[in-house]
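Enquirer: If you scroll down you'll find the structure; I have some questions about it.
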Amino acid sequence: MAKEVMLVTGAGQISMAIARRIGYGKKIILGDKNLNNAKAIAEILVNAGFDVEAFEMDLSSRASIQAMIAEGKKYGDIKYLVNGAGLSPSQASKEAILKVDLYGTAVLLEEVRKVIAAGGAGVTISSQSGWRMPQLTPEQDRALATTPTEELLKLDFLQADKIENTLQAYQLAKRCNEKRVMYEAVEWGKKGARINDIAPGIIVTPLAIDEFNGIRGDFYKNMFAKSPAGRPGTADEVADVAELIMSERAQFITGSTFLIDGGATASYYYGPLQPGLETGMAEGKQ
């Protein structure tokens with residue numbers, strides 16, 4: 001019997017939390033570049049009663065994305081997308097971050113849009129980091145949103161010599177994710193489907209622990225300590241929002257980004273985390 005299919009990219013804690021929240025009764029195709037990671041998360045979900053297939057998928061490759069979509073179509077209509085794949089500033093080069101987080105996400109949204117079923121919904125995970133970068137021009141924002149996917153990495157302001165460090169590459173990628181979701185929401189709407197973005201703050205995951213131990217570790221620890229919430233978040237708190245925006249209760253919500261950061265961005269601009277204050281820190285400079 002055919003099932004509704006949910007594509008999940010990135011075998012991490014946030015992807016798993018969202019899949020556990022909304023994946024019951026669906027066929028879940030769990031893709032990750034590291035097949036062993038995908039199998040490990042799939043095993044946890046299968047042992048909890050979910051129907052999951054692990055799949056080796058490279059977000060930076062259109063052919064790999066298309067292969068994952070083809071795998072999903074074997075089981076039924078593709079109704080849901082959860083994109084939790086990506087690299088962090090401490091994990092990769094500027095070029096790799098742009099190739100995976102920026103280009104790969106744009107291609108994924110484009111390819112899934114071609115097959116998404118009416119009534120379908122998707123969510124992609126960006127980051128609070130894109131909210132702290134210097135303002136882009138309206139022309140740059142439009143370019144991130146609407147440039148054909150195969151031309152994105154050719155944009156002048158995305159060239160490696162124009163990007164200071166991996167943090168700035170990551171911020172640009174996440175800004176692109178949010179702008180791309182706005183553009184794709186219009187296109188997905190023509191299929192009767194919706195797409196939104198979640199921009200999490202410091203969420204305790206293995207990736208976040210890499211950041212805590214990286215060159216910007218003190219910055220991130222200071223960030224959640226001096227945010228209104230006073231703590232990092234959990235993957236299940238991200239899943240709470242994903243469950244809402246992918247449900248029938250959210251039919252009027254599309255093309256939006258939901259900032260979930262415990263108020264860290266608010267504190268960065270208007271509270272004790274302001275870079276000019278003694279309690280704040282100049283991001284990426286330490």
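Enquirer: Open to solvent by less than 10 Å² (accessible area, probe 1.4 Å), more than 18 Å from the chain's Cα centre (by Cα) and touching a residue at least 60 places away in the same chain (Cβ under 8 Å): which single residue out of 169, 193, 160, 118 fits that description?
Expert: None of the others qualify; the one that does is 193.
Enquirer: To continue, here is another question. How do the helices (runs of 4 or more DSSP H) wholly within the range 214-286 filter down when requiring 3 or more residues that are among the hydrophobic types (A, V, I, L, M, F, W, C) and over 16 Å from residue 123 (Cβ atoms): which remain?
Expert: Filter on the range 214-286 gives 217-225.
Enquirer: Run down 42, 117 and say which single residue is in a loop (DSSP other than H, G, I, E, B), touching an Asp or Glu at 6+ places or on another chain (Cβ under 8 Å) and not hydroxyl-bearing (Ser, Thr, Tyr).
Expert: 117
Enquirer: Specify the residue that is most open to solvent (accessible area, probe 1.4 Å); the eligible residues are those in the range 137-146 that are within 20 Å of the chain's Cα centre (by Cα) and either of a type in the set (D, E, K, R) or modelled with pLDDT under 95 (or both).
Expert: 142
Enquirer: Next question. Go through the range 1-39 and give me each residue that's in a helix (DSSP H, G or I) and farther than 20 Å from residue 246 by Cβ.
Expert: Of everything in the range 1-39, those that are in a helix (DSSP H, G or I) and farther than 20 Å from residue 246 by Cβ turn out to be 35, 36, 37, 38, 39.
Enquirer: Please go through the range 45-69 and give me each residue that is closer than 27 Å to residue 153 by Cα and not in a helix (DSSP H, G or I), ordered by number.
Expert: 55, 56, 57, 58, 59, 60, 61
Enquirer: Something else: Mind checking whether some residue in the range 85-105 is buried (at least 21 other Cβ atoms within 10 Å of the Cβ), on the phi > 0 side of the Ramachandran plot and not in a helix (DSSP H, G or I)?
Expert: Checked the range 85-105: at least one residue is buried (at least 21 other Cβ atoms within 10 Å of the Cβ), on the phi > 0 side of the Ramachandran plot and not in a helix (DSSP H, G or I).
Enquirer: Based on what the data block shows, is residue 151 part of a helix (DSSP H, G or I), surrounded by fewer than 18 Cβ atoms within 10 Å (Cβ to Cβ) and of a type outside the set (A, V, I, L, M)? Can you show your working first?
Expert: Numbers: part of a helix (DSSP H, G or I): yes; surrounded by fewer than 18 Cβ atoms within 10 Å (Cβ to Cβ): yes; of a type outside the set (A, V, I, L, M): yes.
In short, yes.
Enquirer: Sticking with this structure for a sec: Can we say residue 33 is basic (Lys, Arg) and more than 26 Å from residue 152 (Cβ to Cβ)?
Expert: Against the criterion (basic (Lys, Arg) and more than 26 Å from residue 152 (Cβ to Cβ)), residue 33 does not qualify.
Enquirer: Being modelled with pLDDT of 95 or more and of a type in the set (Val, Ile, Thr) is the filter here; which residues of the range 147-188 pass it?
Expert: Of everything in the range 147-188, those that are modelled with pLDDT of 95 or more and of a type in the set (Val, Ile, Thr) turn out to be 147, 149, 163, 181, 186.
The values are calculated or read from the model by the stated rules, or taken from the named source; none is laboratory data. Treat the numbers as computed from the prediction; the structure is a model and nothing was measured. Please note: Cβ atoms are built from the backbone with ideal geometry, for glycine as well, and neighbour counts cover all protein chains shown. The accessibility values were calculated without ligands, DNA or RNA, using every heavy atom of the protein model including side chains. Shrake-Rupley method; radii C 1.70, N 1.55, O 1.52, S 1.80 Å.
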